[in-house]
Structures are given as C-alpha cells and as structure tokens.
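Have a look at the structure below before the remarks.
The values are calculated or read from the model by the stated rules, or taken from the named source; none is laboratory data. All values reported here derive from a predicted model rather than from experimental measurement. All Cβ positions, even for glycine, are placed from backbone atoms using ideal geometry, and neighbour counts span all protein chains on display.
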Amino acid sequence: MKILSRISFFLLIVLTLSAAGSDRRKPVNLILFIGDGMGVSHVYAAMTVSGNSMTFPAFPVTGFSRTHSANNYSTDSAAGGTALATGEKTNNRMISMRPDSTVLVTLLEHARAAGKSTGIVCTSSLTDATPAVFTAHVPLRYDYRSIADWYASGAAEVFIGGGRKYFEPGVDSAGTVQRSENVVLKLERAGYDVTYDLESFVASRSGRIAGLVADNDMPRMFEGRDPQYLARATAKAIEVLSRNPRGFVLMVEGSEIDDAGHNNSTSMVTNEILDLDRAVAVARKFAADNGKTLIVVTADHETGGMSIIEGNLEKKEVDAAFSFEGHSGVMVPVFAYGPGAIEFTGIQDNTEIFHDMYRLLFPDKKRK
C-alpha cells in the first residue's frame with residue numbers, strides 16, 4: 001500500500017506540474033518578458049492594486065536572479081540585459097560585448113542561426129539598452145545611431161518601439177547631416193514593412209515588420225500611451241513569428257517601470273507593471289493553447305530601492321517609499337510557465353537564466 005501511495009503521489013506531482021505549465025518538456029518557442037527595474041516590492045505593489053488578479057505572479061515556478069555586472073555591484077540595463085541576452089557578465093554601459101570589447105552572440109542571433117524567428121517589443125526607444133542587447137554590439141549604450149543600424153542586419157524579424165529619429169538621417173543645430181545613411185531605407189531593402197503607428201503594424205501582412213511608433217521614447221502610461229499597445233503589439237509579434245514551424249524567440253520589455261523607479265512614483269510603478277502583465281496574459285493564452293511555449297518573466301535590475309510601507313487589500317491601495325533614485329543591487333524575481341519552466345526555480349545568477357533558456361531551446365547544440 002505504501003508503494004502504491006508513493007506512486008500515486010509521484011503521478012499526482014507530475015500531473016500537477018504538467019497542468020500548471022511547469023513540466024520538463026523542451027519548448028519550441030520562448031517569450032522572454034523583462035520588466036526593466038522591476039523588483040519584488042514593485043510586483044507586490046501592482047498585485048495589491050490589481051486585487052491579486054495579475055497573470056505572471058500566478059505562474060507555477062518562481063525564483064530570484066542576482067544582477068551584479070562585471071564591474072559594479074549595481075548593474076545598469078546594458079550590462080544586466082547583456083547577461084540575460086548572452087550569458088556573460090560585462091561592464092556597465094556595454095552592449096553585448098565583453099569588457100575587452102569582443103563580441104558576444106545574443107540569444108536572438110543563436111535563434112536565427114537555428115532557423116527560428118525572432119522579435120522585439122518594447123515601450124522605450126528600440127535603441128535603448130535592453131532591446132539593444134538582443135540585436136547590437138557596441139561598447140557604449142549611448143551610441144544610438146550605431147544601435148539602430150544593427151536592426152538592418154535582421155537579428156529581429158519583427159520589432160516595434162520608439163526611436164524613429166535614430167533610424168532616419170539626423171541634423172545638428174547647425175543643419176549639418178549627422179548620418180548619410182538612412183537605416184529605414186536599409187530596412188526596406190532587407191524586406192521589412194516599415195510602419196509608423198500601432199494600427200499599421202497590426203495590419204501588416206509582411207513576415208518582416210519594423211514598427212517605429214515614436215520619434216524618441218514612447219509616452220509613459222500617465223502621459224497617454226495606449227493601454228492596449230503592449231498587449232496588441234505582443235499579440236501581433238506572436239502571430240507573425242509563430243508561422244515558423246521551427247519556433248521563435250520573442251523579447252518583450254516593460255521599459256518604463258525603470259523610469260517609475262527613478263521618479264520614485266508608486267502609481268507609475270503599478271501602472272507600468274500592470275501594462276506589462278496585460279501583455280503577459282496574451283502570451284499566457286497562446287502558450288496554454290500551443291503547449292510548446294516557455295514564458296519567462298524577470299528583470300534586469302531593481303530601481304529605486306522600493307519598500308512597501310503600508311497598504312489595504314480591500315481598497316486596493318498601497319503606500320511605498322524609495323531609498324534613492326538609482327539602481328540597487330538586490331535580487332530580482334523570476335517567474336516561469338510552460339515546458340522547461342522548472343529550470344528557473346531557486347536563486348540563480350542572471351547569466352544562468354540565459355544558459356537555462358539556451359539549453360532548453362537548443363538541446364542538441366553546444367554553445368561555443
């Protein structure tokens with residue numbers, strides 16, 4: 001009887017993990033969500049305001065990530081993003097390059113080499129650090145025009161965000177052209193349908209779509225950004241990329257959570273995280289129906305040293321305080337759902353998150 005009970009218990013665990021989306025099968029697709037600057041307090045504040053109705057905090061697998069960079073206990077988005085995108089530490093402000101400036105191959109580049117489709121969706125400029133680390137290789141994150149040029153190489157087949165001015169020829173205050181090459185023309189020559197608003201992006205029938213929907217950074221939620229933008233852009237990216245039978249890798253960033261932390265604004269934190277969660281809900285539905293998609297939600301670092309002072313669950317209110325306006329060195333949360341999700345439990349270095357994703361997506365391929 002004891003043996004039968006143990007077998008029944010084991011089967012129950014297996015069935016529970018499978019039903020919860022945390023089984024050990026290998027995924028074909030990966031959707032990586034990065035809440036820029038999103039710490040544990042940020043997430044719990046949003047959970048409180050939502051009435052505990054959020055999607056990703058309910059994922060069956062949770063963990064933590066250590067985020068320090070190669071040269072600083074408190075990373076910036078460039079080094080933190082590079083660790084997630086390449087599996088190696090680098091110095092703050094470097095984009096997918098080692099401290100000695102040698103190139104690091106990104107997850108999206110590995111995916112393209114394996115025949116998978118790739119995409120990026122963000123609420124910042126596409127040339128900002130987090131989207132940049134998946135597509136570009138530059139020693140300084142502020143070289144926005146060089147970063148824009150990397151998009152023409154095709155590392156991401158579908159991408160949408162701000163930063164249009166870095167893709168077009170620019171002029172300085174004296175009227176001197178800063179760049180002779182128009183990256184938009186390069187994109188068009190490479191077969192991209194270049195769109196300039198969300199509706200055109202969603203309506204495109206192309207397999208390669210560039211969405212340049214703001215001149216620089218996109219508006220924050222409190223500045224009037226469409227509350228459905230991130231969810232609809234994510235849905236469109238999934239629609240296009242999922243046509244590939246070999247699978248896809250999509251990175252979606254909730255970019256302005258970081259600005260909320262820098263501004264020490266609790267309401268901005270919760271609004272931006274709830275916006276990210278709407279996009280996660282879209283991905284969660286696709287993954288549940290698809291059965292071959294891993295979703296990982298994490299952060300590159302924490303911003304603001306946010307603490308929750310008081311709150312009211314019934315009134316959906318939270319009172320938070322911030323210790324400063326920069327990036328802290330505390331661990332950040334990790335949430336996972338789908339085939340292979342169990343690999344993301346416990347405390348890991350941010351570089352190991354990359355290696356977990358790589359091993360799951362490319363089980364027969366040894367990383368050089």
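Screening the range 124-231 for strands (runs of 3 or more DSSP E) wholly inside it with 2 or more residues that are modelled with pLDDT under 95 returns no ranges. Whether a residue is within 24 Å of Met306 (Cα to Cα) and surrounded by fewer than 21 Cβ atoms within 10 Å (Cβ to Cβ) was assessed, and Asn244 does not pass this test.
Which ones in the range 271-318 are of a type in the set (Lys, Arg) and in contact (Cβ under 8 Å) with a residue 12 or more places away in the chain? Outline the logic, then answer.
In the first step, residues of the range 271-318 are kept if they are of a type in the set (Lys, Arg); the result is 278, 284-285, 292, 315-316.
Matches in the range 271-318: Arg278, Arg284, Lys292, Lys316.
Is it true that some residue in the range 46-56 is modelled with pLDDT of 95 or more, in a strand (DSSP E or B) and either surrounded by fewer than 24 Cβ atoms within 10 Å (Cβ to Cβ) or among the β-branched types (Val, Ile, Thr) (or both)? Looking for residues that are modelled with pLDDT of 95 or more, in a strand (DSSP E or B) and either surrounded by fewer than 24 Cβ atoms within 10 Å (Cβ to Cβ) or among the β-branched types (Val, Ile, Thr) (or both), one finds none in the range 46-56, hence no. Among the residues of the range 65-118, those identified as of a type in the set (Val, Ile, Thr), surrounded by fewer than 24 Cβ atoms within 10 Å (Cβ to Cβ) and out of contact with any His (no Cβ under 7 Å at 6 or more places or on another chain) are Thr102, Val105. Does at least one position in the range 255-265 carry a residue that is closer than 13 Å to Leu32 by Cα and either touching a Ser or Thr at 6+ places or on another chain (Cβ under 6 Å) or surrounded by fewer than 16 Cβ atoms within 10 Å (Cβ to Cβ) (or both)? No: zero hits. When the range 272-304 is filtered for residues that are farther than 14 Å from Ala260 by Cα, of a type in the set (S, T, N, Q) and surrounded by 22 or more Cβ atoms within 10 Å (Cβ to Cβ), the ones remaining, listed by number, are Thr293, Thr298. Return the residues of the range 135-147 that are out of contact with any Asp or Glu (no Cβ under 9 Å at 6 or more places or on another chain) and hydrophobic (A, V, I, L, M, F, W, C); say none if nothing qualifies. Once the filter is applied, which keeps residues that are out of contact with any Asp or Glu (no Cβ under 9 Å at 6 or more places or on another chain) and hydrophobic (A, V, I, L, M, F, W, C), the range 135-147 yields Val138, Leu140.
This table checks each residue for (1) more than 22 Å from Asp349 (Cα to Cα); (2) without any contact (Cβ under 8 Å) to a residue 40 or more places away in the chain; (3) part of a helix (DSSP H, G or I).
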{"residue": "Pro27", "(1), (2), (3)": "no, no, no"}
{"residue": "Gly37", "(1), (2), (3)": "no, no, no"}
{"residue": "Ser41", "(1), (2), (3)": "no, no, yes"}
{"residue": "Asn71", "(1), (2), (3)": "no, yes, no"}
{"residue": "Thr82", "(1), (2), (3)": "no, no, yes"}
{"residue": "Pro99", "(1), (2), (3)": "no, yes, no"}
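Looking at Ile353, Ile342, just one residue is crowded, with 22+ Cβ neighbours inside 10 Å and in contact (Cβ under 8 Å) with a residue 12 or more places away in the chain, and that residue is Ile353. Listed by first and then second residue, the pairs with beta-carbon distance under 6 Å, at least 6 apart or on different chains, first residue in the range 245-264 and among the hydroxyl-bearing types (Ser, Thr, Tyr), second assigned to a strand (DSSP E or B), are Ser255/Cys122; Ser255/Thr123; Ser255/Ser124.
Table: residues versus (1) in a helix (DSSP H, G or I); (2) of a type outside the set (Lys, Arg); (3) out of contact with any Phe, Trp or Tyr (no Cβ under 9 Å at 6 or more places or on another chain).
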| position | (1), (2), (3) |
| --- | --- |
| Asn244 | no, yes, yes |
| Met251 | no, yes, no |
| Arg278 | yes, no, yes |
| Ala288 | yes, yes, no |
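Among the candidates Asp277, Asp258, the residue that is in contact with a Gly (Cβ under 6 Å, 6 or more places away or on another chain) and modelled with pLDDT of 95 or more is uniquely Asp258.
Any chance the range 319-339 includes a residue that's touching a residue at least 60 places away in the same chain (Cβ under 8 Å), surrounded by fewer than 15 Cβ atoms within 10 Å (Cβ to Cβ) and outside any loop (DSSP other than H, G, I, E, B)? Scanning the range 319-339, I find no residue that is touching a residue at least 60 places away in the same chain (Cβ under 8 Å), surrounded by fewer than 15 Cβ atoms within 10 Å (Cβ to Cβ) and outside any loop (DSSP other than H, G, I, E, B), so the answer is no.
So, in the range 340-357, how many residues would count as being out of contact with any Gly (no Cβ under 7 Å at 6 or more places or on another chain) and either outside any helix (DSSP H, G or I) or closer than 12 Å to Val296 by Cα (or both)?
Qualifying residue count for the region: 7.
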